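Okay, so here's the structure we're looking at.
The values are calculated or read from the model by the stated rules, or taken from the named source; none is laboratory data. No experiment lies behind these values; they were computed from the predicted model shown. Glycine gets a Cβ as well: all are built from the backbone with ideal geometry, and neighbour counts include every protein chain shown.
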Amino acid sequence: MQRLAGLALLFCVSCSSSPAVVDSWRDPEQREVKHEKTVVVVVSGETNFRRVAEETLVSRLDPDRSGTSYGFLDAAALQTPKEAAELARTHGFDSALVVRVLGVGEPVPELGAPDSPEYVHLAGQSFSTAVLWSSVGDEGLDRRKRTFRLQARFYALDSDKLVWSGIVEVHDPESARELAQQSAKVLQAELSEQGLAR
């Protein structure tokens with residue numbers, strides 16, 4: 001009996017440590033979303049990490065139906081919603097996946113509502129850059145921060161409408177690359193379930 005209880009506890013611990021979408025929202029009026037190519041935007045003050053995270057997400061989502069944004073959307077472009085959306089459309093994208101990490105102690109935003117105005121914008125929404133990925137370096141992670149929460153939002157660029165948003169939790173990643181890989185795996189599965197990725 002004691003062994004069984006120990007196994008159950010081990011199972012619960014392993015479940016809780018798996019990366020997962022812990023909350024999500026889908027616009028009920030946007031059930032059928034037809035899109036051909038998704039631009040991936042990782043809002044980050046860490047240029048190298050942004051590149052790694054975007055490339056990891058694109059490889060998961062399908063390189064033929066998605067692409068990175070770091071080559072044409074810099075911080076200045078992201079601060080002008082219409083310019084950012086137009087640039088994305090010019091590069092052949094009709095949808096956008098925007099991902100950012102929530103700062104330690106930052107409240108989880110209401111999933112179906114716009115973010116409060118801060119610094120970086122896309123498709124009419126705003127994203128904070130004050131603490132984004134500040135603990136993520138090329139060599140690894142700040143080990144004091146064991147659980148990372150990421151906010152992900154999927155937009156239809158033709159209408160600039162928020163289609164889906166969710167919160168992803170990743171526990172104890174060993175490196176910045178692993179954080180990107182784990183979150184990409186979870187997001188790909190969730191977006192596939194939502195009919196927004198293959």
Residue list for region 30-48, restricted to those being within 16 Å of Arg153 (Cα to Cα) and either over 17 Å from the mean Cα position of the chain (by Cα) or modelled with pLDDT under 90 (or both): Gln30, Arg31, Val33, His35, Val43, Ser44
Number of positions in region 148-198 that are modelled with pLDDT under 90 and among the aromatic types (Phe, Trp, Tyr): 1
Could you tell me how many of the residues in region 142-182 are in contact (Cβ under 8 Å) with a residue 40 or more places away in the chain and not hydrophobic (A, V, I, L, M, F, W, C)? 16
Residues in region 75-115 that are crowded, with 21+ Cβ neighbours inside 10 Å, modelled with pLDDT under 90, in a helix (DSSP H, G or I) and in contact with a Ser or Thr (Cβ under 9 Å, 6 or more places away or on another chain): how many? 2
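Could you grab me the full set of residues in region 53-74 that are in a helix (DSSP H, G or I) and either crowded, with 22+ Cβ neighbours inside 10 Å or within 13 Å of the chain's Cα centre (by Cα) (or both)?
Step one: list which residues in region 53-74 are in a helix (DSSP H, G or I), which gives 53-61.
Of everything in region 53-74, those that are in a helix (DSSP H, G or I) and either crowded, with 22+ Cβ neighbours inside 10 Å or within 13 Å of the chain's Cα centre (by Cα) (or both) turn out to be Ala53, Glu54, Glu55, Thr56, Leu57, Val58, Arg60, Leu61.
Identify the residue in region 157-172 that is buried (at least 21 other Cβ atoms within 10 Å of the Cβ) and of a type outside the set (Ser, Thr, Tyr) and, among all such residues, is nearest to Ser24 (Cα to Cα). Steps first, answer last, please.
In the first step, residues of region 157-172 are kept if they are buried (at least 21 other Cβ atoms within 10 Å of the Cβ); the result is 157, 162-166, 168, 170.
Filter once more, keeping what is of a type outside the set (Ser, Thr, Tyr): 157, 162-164, 166, 168, 170.
Numbers: Leu157: 20, Leu162: 12, Val163: 11, Trp164: 7, Gly166: 4, Val168: 9, Val170: 15 Å.
Looking at the filtered set, the residue picked out is Gly166.
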Look at region 182-198 and say how many of its residues are farther than 21 Å from Val101 by Cβ and either hydroxyl-bearing (Ser, Thr, Tyr) or under 13 Å from the mean Cα position of the chain (by Cα) (or both). 1
Could you figure out which of (1) assigned to a helix (DSSP H, G or I); (2) at pLDDT 85 or above isn't true of Leu7? (2)
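Any residue at all in region 13-25 that is of a type in the set (D, E, K, R), modelled with pLDDT under 85 and either part of a strand (DSSP E or B) or within 21 Å of Ile167 (Cα to Cα) (or both)? Please lay out each step first, then the result.
Step one: list which residues in region 13-25 are of a type in the set (D, E, K, R), which gives 23.
With the extra rule that they be modelled with pLDDT under 85, the set shrinks to none.
Scanning region 13-25, I find no residue that is of a type in the set (D, E, K, R), modelled with pLDDT under 85 and either part of a strand (DSSP E or B) or within 21 Å of Ile167 (Cα to Cα) (or both), so the answer is no.
Residues of region 33-47 being closer than 21 Å to Ala85 by Cβ and either part of a helix (DSSP H, G or I) or not hydrophobic (A, V, I, L, M, F, W, C) (or both), which ones? Break it down stepwise before answering.
Of all residues in region 33-47, those closer than 21 Å to Ala85 by Cβ come to 33-44.
Once the filter is applied, which keeps residues that are closer than 21 Å to Ala85 by Cβ and either part of a helix (DSSP H, G or I) or not hydrophobic (A, V, I, L, M, F, W, C) (or both), region 33-47 yields Lys34, His35, Glu36, Lys37, Thr38, Ser44.
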